[in-house]
Structure formats: structure tokens, C-alpha cells
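Following: one structure in C-alpha cells, then a few remarks.
The values are calculated or read from the model by the stated rules, or taken from the named source; none is laboratory data. None of these values were measured; they are calculated from a predicted model. Positions of Cβ are backbone-derived with ideal geometry, glycine not excepted, and every protein chain shown enters the neighbour counts. Remember, those area values only see protein heavy atoms, side chains included, never the ligands or the DNA or RNA. Shrake-Rupley method; radii C 1.70, N 1.55, O 1.52, S 1.80 Å.
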Amino acid sequence: MTTQAAQRAITTAFIADDPTSIVLTPQEVTTTPGGGRSMVPGTPRAAQTFKLIPMTFDQRPTVTAGGVERIIDYTLLGEWDSEGEVWDRFDLGDANEYFLVVAIAPGHGYEKKYLCERHLYQDGVA
């Protein structure tokens, strides 16, 4: 077994220890006047198995007393051949939140790390 094959097997086993099935949906992003952005969902990708890892352990509430959203960072660990892009969006079945891929870490041929932000809906607005 080559070193890369061994590393792929380790990644697969690590993901299988606590897997999450996720459907990533590409977003068409356009910049709006004033520097904002608008996102329109595209065709969802096929479901894939990932490991969702919080980047920090934080017991503070996600929304502050003043109703301000606190964004929480995650790593979405996928196998080397997983498919995803920056601005892909996914949810885990909670109607009040969504996750957004904001960066993809450089790969090494045995895994892909998608850096994600967890967002809460504010007053029913995504």
C-alpha cells in the first residue's frame, strides 16, 4: 500500500467514526450595490459523507441577548474525491440554521477540508 493510499484509508476511517450525510448546494453569488451579496441556489450535489468538526469548543449561546447572531466556524472533512466549492450551502435539518462553505484548505491528495460558518436565520430571513 502506498503512503497516499494509507492516508486515504485513515481519512476514510476517521470520517466513518462520526459520519454526517450532507447535500451541498452551490450558490450563484452576485454582488449587490453597497457591497452586499445575493445568493441564488443551484442544483444540489449528490449526498456525500463528511465529518463535521467544530473548530472551537464554545458553550456561549449562538445568539446574544441583543439578538445578534454569533457565527461558529467548522471544518467539514471529506474524502479526497469529495465535491464542493466555496459558497456551497447545506443544512442539517434545523429550520433555524444553515452552513456556508467559505474556504477550501489546500489538499494533499488524501482528504479535503472545507472551512464552514454556521449561521442562524434572523427573524425568518436566511
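Could you quote the convex hull projected area for the range 1-52, Cα atoms only and averaged over all directions, in nm²? Kindly include the intermediate steps, with their values, before the conclusion.
Working: hull surface 22.6 nm².
Answer in nm², one decimal: 5.6.
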Subtracting the Cα-Cα distance of GLN7 and THR30 from 0.36 nm times their residue separation yields 4.5 nm
Lys and Arg at +1, Asp and Glu at -1: neighbours of PRO41 with Cβ under 9 Å from its Cβ sum to 0
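From largest accessible area down, sort PHE14, PHE90; use a 1.4 Å probe on the protein chains.
Correct descending sequence by accessible area is PHE14, PHE90.
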